[in-house]
Amino acid sequence: MHKLRNRIREIRLEKGISQQKLADEIGVTRQAISLFEKGDRDPKLETWIKLADYFGVSVGYLQGIEEQSTTDIQNQKRWNERERSFLKALRESYMLDGSWEDLAQTFKREWHKHELEEWSVQANARD
């Protein structure tokens, strides 16, 4: 199976940032940054979001999933905020009840909410 190569190291070097400085900025160890860059360990979603915010790119671009970097910082912040609220809703649902059924329902509800928000943003952009 082919593993995607993330862009953490590439972007960090482009910006002239040391592993230690990046680690200090996002609240992880230098060793964790090294492991993330080599692909030996995957960051948690919250860490992906911190990295994306720090670099001003989308999580997908940073993970190597998207081909183009997001240059519109406002657009990126909006997506990262959606990811945070999505993660928060899932956590709260699971912690309140702990059932997978409720978690699945929360996932579906939040997913549809985010789809509607994106559709609204795209519709407004066309007007």
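Some points to look at:
- Pairs over the 28 Å Cα-Cα cut-off, from the set Lys15/Lys113; Lys15/Lys88; Lys38/Lys113; Lys44/Lys113: Lys15/Lys113; Lys15/Lys88; Lys38/Lys113.
- With neighbours defined as other Cβ atoms within 10 Å of a residue's Cβ, the residues Val57, Val28 order from fewest to most as Val28, Val57.
- Packing-based ranking of 30-36, 84-90 yields 30-36, 84-90, ordered from highest to lowest mean Cβ neighbour count within 10 Å.
- Sorted by Cβ neighbour density within 10 Å, fewest at the top, the residues Tyr61, Tyr54: Tyr54, Tyr61
- Derived scalar couplings ³J(HN,Hα) [the stretch 16-33; Karplus, 6.51 cos²θ - 1.76 cosθ + 1.60; whole Hz; x for Gly, Pro]: x, 9, 6, 4, 5, 4, 4, 4, 5, 5, 9, x, 10, 8, 4, 4, 4, 4
Computed from the coordinates by the stated procedures, all read-outs in this text should not be read as laboratory data. As the structure is a prediction and not an experimental result, all values here were calculated from the model. Here Cβ is always computed from backbone atoms with ideal geometry, including for glycine, and neighbour counts include all displayed protein chains.
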